[in-house]
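The values are calculated or read from the model by the stated rules, or taken from the named source; none is laboratory data. Computed from a predicted model, the values in this text were never measured in an experiment. Cβ: placed from backbone, ideal geometry, glycine included. Neighbour counts: every protein chain shown.
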């Protein structure tokens, strides 16, 4: 599994993009690529100081725009591409164990995208347990959950355009059709991460920002 660890100079401010025109959906391709507001991402980074001291773990594939954004806040950035485990022929347990060790330094920001949707309900505890072992108390977690009763036939790749904008693009392969997670179920599954922000997005997703707290 490849790791990317680089810091880039802070890019100039990005102007807000215009809404993308939406072609008609088809059963074969699912929804088209569109750009939308990203209130969950904005809320996540609003909780951080842009002082370059944070350690960020992105469980999606490496992306230049993500690197540019994280570099404003982080001195250590890792891209794990856990989302791509099935395409590489890895089961989730193996892929989770391949995540970077937190022995030397724990992460304080994790972007998990739609991993709960891609895993079976029985595998959710494996994910959360592994993330808890890689993060410090007070660490922030961002995660997306598809809440639509008519789930699209393919998962979505999310690409940040800025702190306020995100691109949704359907992937090539279909995903398992687990029942959608209700907000109360998400909060239960994520413990010891406790939800502090939740947003209902267009295209049927909910964005959650949670903080890790030690159980009393």
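Computed quantities for the displayed model
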quantity	calculated
Among residues of the range 184-206, those that are farther than 21 Å from residue 119 by Cβ and at pLDDT below 95, counted	2
Evaluation of residue 124 against (1) farther than 18 Å from residue 172 by Cα; (2) exposed (fewer than 15 other Cβ atoms within 10 Å of the Cβ); (3) in contact (Cβ under 8 Å) with a residue 60 or more places away in the chain; (4) out of contact with any strand residue (DSSP E or B) (no Cβ under 9 Å at 6 or more places or on another chain) (one fails), failing number	(2)
Out of 152, 179, sole residue that is modelled with pLDDT under 90, over 20 Å from residue 99 (Cα atoms) and either out of contact with any helix residue (DSSP H, G or I) (no Cβ under 9 Å at 6 or more places or on another chain) or surrounded by 15 or more Cβ atoms within 10 Å (Cβ to Cβ) (or both)	152
Matching residues, the range 63-82, being surrounded by 17 or more Cβ atoms within 10 Å (Cβ to Cβ), under 16 Å from the mean Cα position of the chain (by Cα) and without any contact (Cβ under 8 Å) to a residue 60 or more places away in the chain	70, 82
Scope the range 181-216; condition part of a loop (DSSP other than H, G, I, E, B) and either without any contact (Cβ under 8 Å) to a residue 40 or more places away in the chain or on the phi > 0 side of the Ramachandran plot (or both); matching residues	182, 215, 216
Close pairs (7 angstrom Cβ cut-off, 6 or more residues apart or separate chains): at positive phi and crowded, with 16+ Cβ neighbours inside 10 Å in the range 97-120, assigned to a loop (DSSP other than H, G, I, E, B) and at pLDDT 90 or above anywhere	113/59; 113/60
